[in-house]
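Note sheet for the following structure.
The values are calculated or read from the model by the stated rules, or taken from the named source; none is laboratory data. Since the structure is predicted, the reported quantities are computational estimates derived from the model, not experimental observations. Here Cβ is always computed from backbone atoms with ideal geometry, including for glycine, and neighbour counts include all displayed protein chains. The protein model used for the area step is the full one, side chains on, heavy atoms only, and it has no ligands, DNA or RNA in it. Shrake-Rupley method; radii C 1.70, N 1.55, O 1.52, S 1.80 Å.
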Amino acid sequence: MRNLLVVLALTSSSVFAFEGGGSISGGTRGGGNSCGSDFAFIGKMVYQRILHNEYFKKNINLIALKDAITQTSVRETTQPITDAENVRYEAVNYPEEKIILVHQDYCNNRLAKPNAKLVFHEYLGIASPGLDAGFNISGKLFSETGLTDKNFQNLLETNGTDASVLNLRNKELVAKNLESNSVELEAKNGQFRLVVKCDIKRPELVYHKLSSGKVSYQSTFKFKSATQCQEVFGKALLSDKIDDLDLVLGLESYTVVSNK
């Protein structure tokens, strides 16, 4: 029995397998950044976000869903995924074999991922075949959780720590008040100010949102390590102006997720 899903133009060639197993607990991704590992990881994030939701607790077997996510093999294919009427789809599940096939076009299009409803639907097809016909359950993922596909994209990119992030990318910053272990970085457009404090015991970044030159909002984010803090601090030492700082601040973990 198969449950088929959503549409894309497809081509032909080979298939490779990825075992989407591992712990259901957050943050673990196996298999690097392959499409299979991303798909399985999004499934784990969906499970975590619906686990205590009353609608999903009432309408699906959460234990069976957990088993489906941890035990199903997710395989990427370049072969067309079609039904008897030659309608083309992005994914198909095989409950008896515990296999999900995902087409390469979906895998190669980062803008299409994570498509959390698709992932949820396919795992429901493994856990309870026929239950999610017409997306009657997976279609409620966003309305019941209050999350969006962008939130699941953030979870994928932050390794499960943050559904919401603050991106401070491609901003021109001016270094001010440089001291031995701290520095202020103010956005040239005047929208925010960052205070980087590289105390070895508590490296942190304080974000100030500015309005008419005054602080309208303030929040503190921990660096993951003193080294991460020093990488940001070092940019201020090298130049009075910084335009290559790529900061991502996690709004759930309150950590500096990325500082490339």
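Here is how the numbers come out for the structure above:
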{"quantity": "Selection of trypsin sites (Lys or Arg not before Pro), segment 79-183, meeting DSSP coil and at most 13 other Cβ within 10 Å", "calculated": "110, 169"}
{"quantity": "Residue among 196, 165, 206 with the largest mean-square fluctuation in a Gaussian network model of the chain, springs linking Cα atoms under 10 Å", "calculated": "206"}
{"quantity": "Most mobile listed residue (156, 237, 247) in the chain, GNM with C-alpha springs under 10 Å", "calculated": "237"}
{"quantity": "Span-rule helices in the chain, defined as complete DSSP H runs reaching 20 Å or more along the axis (Cα) with Kyte mean at least 0.0", "calculated": "35-50"}
{"quantity": "Nearest-20 debye value, the chain charge dipole, Cβ charges on Lys, Arg, Asp, Glu", "calculated": "740 debye"}
{"quantity": "Accessible area in square angstrom per residue, segment 34-97, 1.4 angstrom probe", "calculated": "44 Å²"}
{"quantity": "Part-to-part distance (alpha-carbon centres) for segment 152-192 and segment 80-105, which is given in Å", "calculated": "41 Å"}
{"quantity": "Inter-label distance for residue 217 and residue 61, nm, one decimal - labels placed 7 Å from Cα along Cα-to-Cβ", "calculated": "4.4 nm"}
{"quantity": "Sulfur and carbon atoms: percent of accessible area, segment 85-236 [1.4 Å]", "calculated": "45 percent"}
{"quantity": "Sparse-neighbourhood loop sites, GluC sites (Glu not before Pro) in segment 76-171 - DSSP loop, at most 10 other Cβ within 10 angstrom", "calculated": "85, 96, 97"}
{"quantity": "Partner lysines for residue 214 [C-alpha distance under 18 Å; skip if fewer than 8 residues away on the same chain]", "calculated": "176, 188"}
{"quantity": "Shape call, segment 173-253: gyration tensor on alpha carbons, a/c limit 1.5", "calculated": "oblate"}
{"quantity": "Cα gyration tensor category, rounded, prolate or oblate, for segment 124-260 with a/c compared to 1.5", "calculated": "prolate"}
{"quantity": "Translational diffusion coefficient (Stokes-Einstein; Kirkwood radius from C-alpha pairs) of segment 26-167 at 20 °C, 1.002 mPa s, in µm²/s", "calculated": "140 µm²/s"}
{"quantity": "Relative frequency of Cα-Cα separations exceeding 22 Å in the chain, percent", "calculated": "60 percent"}
{"quantity": "Choice from 44, 209, 197 with maximal GNM fluctuation in the chain (Cα, 10 Å cutoff)", "calculated": "209"}
{"quantity": "Computed label-point distance, nm, for sites residue 51 and residue 79 using a 7 Å Cα→Cβ extension", "calculated": "3.6 nm"}
{"quantity": "For a label point 7 Å along the Cα-to-beta-carbon line of residue 244, residues of segment 182-214 with backbone N under 20 Å", "calculated": "185-188"}
{"quantity": "Calculated [θ] (222 nm, deg cm²/dmol) that DSSP helices of n ≥ 4 give over the chain, each run adding -39,500 (n - 2.57)", "calculated": "-8500 deg cm²/dmol"}
{"quantity": "Solvent-accessible area per residue, Å², over segment 176-260 with all protein chains present [probe radius 1.4 Å]", "calculated": "57 Å²"}
